[in-house]
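*Asks:* Okay, here's the structure, questions in a sec.
The values are calculated or read from the model by the stated rules, or taken from the named source; none is laboratory data. In this text the structure is predicted, and so the values were computed from the model without any measurement. Cβ atoms come from the backbone with ideal geometry, glycine included; neighbour counts cover every protein chain shown.
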Amino acid sequence: MSRPGFTTILEKDSPPMMFNAGDGFHYEKLPEGTRVIYPPGPVEPLPDPNVAIERALLGPIGMEPLHELLRPGMKLTIVFDDVSCPLPPMKPPDNRQLVIEKVLEKAYAKGVEDIHLIAALGLHRRMTEKELRWALGKDVMSSFYPERLYNYDAEDPEGNAVIGETQRGEEVRISRRAAESDLVVYVNINLVSMNGGHKSVHTGISPYSSIRHHHNAETLRNTRSLMDPPKSALHGSVNRMGEILDNAVKVFHIETTLNNAAFPAMFDFMAKPEHEWSAVTKANFLANHKATQLMPRRAARKVFQSIVAPHRMTSVQAGATDPVHAETLEHIYRQQLVHVEGQADVLLLGVPYIGPYNVNSIMNPILVHNYVLGYLFNLYKSKPLVREGGVIIATHPVPNEFDDVAHPSYRPFFEEVLSRTTDPHEAERLFEKEYIYDPWYRTLYRNSHAYHGWHPFTTWQWGAHALDHVGGVVFVGGDPHTTSRMGYKRADTVAEALQVAEPIVGSSPSITYMHIPPLFMVEVE
């Protein structure tokens with residue numbers, strides 16, 4: 001039985017708390033009375049994932065068994081989540097490999113020959129051959145890559161097809177190969193409750209002309225929690241698109257979940273409560289803390305990006321989109337949900353080194369904003385953990401560094417767009433089309449390993465609701481230039497950050513530290 005999540009109130013003699021701070025750590029004693037929320041421990045994994053997958057395919061929810069949908073001469077397309085999950089990458093075999101091998105086994109038994117596999121990038125960067133092999137295994141790669149196993153291309157003028165339009169005028173356009181298939185099998189790893197369901201197809205194998213309807217400043221501002229789908233305008237849009245798609249294309253969803261065993265023994269101090277640290281755990285933390293302080297940031301980043309997670313599969317369900325995803329969410333909540341009483345004036349957050357958009361890359365300032373105001377702020381059901389008008393204090397150096405291969409449009413966005421406005425609506429109105437249709441960015445997206453030119457707009461818009469909700473954001477250790485450019489404050493310590501926040505929350509604020517990683521979410525009573 002896993003340890004449930006819990007809260008504790010720090011006493012006067014409580015030890016310092018560890019904060020993740022990008023490619024390093026921050027270690028500081030917090031004020032007496034600070035509430036610390038710890039995530040649940042890893043839930044028990046499935047004893048035999050292959051048996052569980054077989055059962056899911058034989059007894060799906062709301063659809064016929066997979067083998068009954070397969071026949072000779074049909075066109076089968078298998079679509080799978082890209083490199084943005086899981087985080088960190090999991091030790092092989094990856095969930096996607098295990099599931100896809102089972103699907104292929106059944107397809108071969110039925111004489112299906114026309115099979116394509118597509119990495120569902122949406123407008124993310126293309127996966128490298130190494131990343132594809134890590135996710136799918138050498139056998140799948142040797143059989144299909146590169147002719148029948150490839151990255152989705154949102155900018156291929158002939159490669160996408162219109163399915164229809166919702167009653168609100170939202171265009172439903174997806175990969176032509178998928179649209180013209182007799183069956184689409186979508187293989188998912190559901191890392192957080194925001195992902196999966198209809199969102200998989202309508203961001204993963206859809207171009208900008210469709211994605212723009214749910215990834216825009218107005219929709220995201222009206223999304224009351226990205227992690228609580230019934231309160232999410234984004235999910236409302238993709239669900240409407242899903243209704244159109246389900247009437248035109250047969251989609252068989254296979255969704256899997258993982259436990260939160262995110263770190264190997266050498267780095268498990270990042271996930272353990274400090275009072276559970278053994279002598280070895282303390283030694284590992286001190287060694288890593290000192291090393292990352294002394295070594296160049298680039299070297300520290302390389303160390304962190306090499307971490308492989310001992311995640312294990314905790315569930316697999318297959319069949320029709322909506323009932324499958326409802327079951328998936330129950331498993332996500334079982335692993336991640338912590339019930340807490342009341343909101344806080346100040347929310348403290350440690351910012352991990354890796355997010356969905358900087359795998360094997362740099363977390364540039366805009367991605368830091370996206371992580372804190374988009375992802376971490378939204379890790380709640382019901383209502384935010386920080387009260388309206390409260391302050392977020394996050395630990396991250398927010399370095400003025402960019403990966404111009406992976407994120408070619410991010411530096412120009414930071415220098416050109418944010419120098420004019422930090423308002424997501426204004427940025428969208430004044431600059432978005434210029435970045436969307438830039439031919440060089442399109443070329444890099446299609447032929448290199450670059451995020452689409454439009455991508456910094458959506459990562460900035462991701463924080464739209466948080467920007468409306470909070471009264472201020474302070475980055476502990478933040479670069480003065482980058483934090484100022486984005487409209488935020490900085491401080492050298494948490495204690496100093498609380499002084500910076502004092503004009504907004506007063507001299508005796510209620511403080512909550514959400515002890516991340518691993519990822520978890522709260523339900524605020």
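*Asks:* Could you list, in sequence order, all residues of the range 113-125 that are outside any strand (DSSP E or B) and either in contact with a Ser or Thr (Cβ under 8 Å, 6 or more places away or on another chain) or surrounded by 21 or more Cβ atoms within 10 Å (Cβ to Cβ) (or both)?
*Replies:* Within the range 113-125, Leu121, Gly122, Leu123, His124, Arg125 meet the criteria.
*Asks:* Which residues, counting only those in the range 23-34, are under 18 Å from Glu274 (Cβ atoms) and assigned to a loop (DSSP other than H, G, I, E, B)?
*Replies:* Within the range 23-34, Gly24, Lys29, Leu30, Pro31, Glu32, Gly33, Thr34 meet the criteria.
*Asks:* Within the range 40-57, take every residue that is aliphatic (A, V, I, L, M) and surrounded by 14 or more Cβ atoms within 10 Å (Cβ to Cβ) and give me the one that is nearest to the chain's Cα centre (by Cα).
*Replies:* Across the range 40-57, the extreme among qualifying residues is Val43.
*Asks:* In this structure, is His253 in contact with a strand residue (DSSP E or B) (Cβ under 6 Å, 6 or more places away or on another chain), of a type outside the set (Gly, Ala, Ser), in a loop (DSSP other than H, G, I, E, B) and surrounded by 15 or more Cβ atoms within 10 Å (Cβ to Cβ)?
*Replies:* no
*Asks:* Being touching a residue at least 60 places away in the same chain (Cβ under 8 Å) and either touching a Lys or Arg at 6+ places or on another chain (Cβ under 6 Å) or surrounded by fewer than 17 Cβ atoms within 10 Å (Cβ to Cβ) (or both) is the filter; apply it to the range 214-230 and report the residue that is nearest to Leu430 (Cα to Cα).
*Replies:* Filtering the range 214-230 for residues that are touching a residue at least 60 places away in the same chain (Cβ under 8 Å) and either touching a Lys or Arg at 6+ places or on another chain (Cβ under 6 Å) or surrounded by fewer than 17 Cβ atoms within 10 Å (Cβ to Cβ) (or both), the one nearest to Leu430 (Cα to Cα) comes out as Glu218.
*Asks:* Among the residues of the range 268-276, is any touching a Leu at 6+ places or on another chain (Cβ under 7 Å) and outside the structural domain of Thr512 (by the TED database)?
*Replies:* no
*Asks:* Cβ-Cβ distance below 6 Å, separation of 6 or more or different chains: which pairs start in the range 54-70 with a residue that is under 19 Å from Met313 (Cα atoms) and outside the structural domain of Ile254 (by the TED database) and end on one that is polar (S, T, N, Q) and loosely packed, with under 13 Cβ neighbours inside 10 Å?
*Replies:* Listed pairs, sorted by first residue: none to list.
*Asks:* Does at least one position in the range 448-471 carry a residue that is assigned to a helix (DSSP H, G or I) and free of Cβ contacts under 8 Å to residues at least 12 places away in the same chain?
*Replies:* Checked the range 448-471: no residue is assigned to a helix (DSSP H, G or I) and free of Cβ contacts under 8 Å to residues at least 12 places away in the same chain.
Yes/no per residue for (1) closer than 29 Å to Pro207 by Cβ; (2) among the hydrophobic types (A, V, I, L, M, F, W, C):
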site: Val391; (1), (2): no, yes
site: Arg420; (1), (2): yes, no
site: Glu426; (1), (2): yes, no
site: Tyr437; (1), (2): yes, no
site: Phe457; (1), (2): yes, yes
site: Gly463; (1), (2): yes, no
site: Arg485; (1), (2): no, no
site: Arg490; (1), (2): no, no
site: Ala495; (1), (2): no, yes
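*Asks:* Same structure again: For the structure I just gave you, tell me whether Pro397 is assigned to a loop (DSSP other than H, G, I, E, B), under 26 Å from His469 (Cβ atoms) and either among the aliphatic types (A, V, I, L, M) or assigned by the TED database to the domain that holds Asp23 (or both).
*Replies:* So Pro397 fits the description; yes.
*Asks:* Then there's this: Of Ser237, Ser278, Ser225, which residue is polar (S, T, N, Q) and farther than 27 Å from Tyr353 by Cβ?
*Replies:* Ser237
*Asks:* Mind checking which residues of the range 58-92 are in a helix (DSSP H, G or I) and surrounded by 22 or more Cβ atoms within 10 Å (Cβ to Cβ)?
*Replies:* Answer for the range 58-92, where residues must be in a helix (DSSP H, G or I) and surrounded by 22 or more Cβ atoms within 10 Å (Cβ to Cβ): just Leu66.
*Asks:* In this structure, does Met194 turn out to be closer than 21 Å to His116 by Cα, at pLDDT 95 or above and among the hydrophobic types (A, V, I, L, M, F, W, C)?
*Replies:* Here the answer is no, as Met194 does not meet what is asked.
*Asks:* Can you tell me which residues in the range 264-298 are basic (Lys, Arg) and either loosely packed, with under 12 Cβ neighbours inside 10 Å or touching a residue at least 40 places away in the same chain (Cβ under 8 Å) (or both)?
*Replies:* Lys290, Arg297, Arg298
*Asks:* From (1) in contact with a helix residue (DSSP H, G or I) (Cβ under 8 Å, 6 or more places away or on another chain); (2) in a strand (DSSP E or B), pick out the condition that doesn't hold for Ile37.
*Replies:* So the condition that Ile37 fails would be (1).
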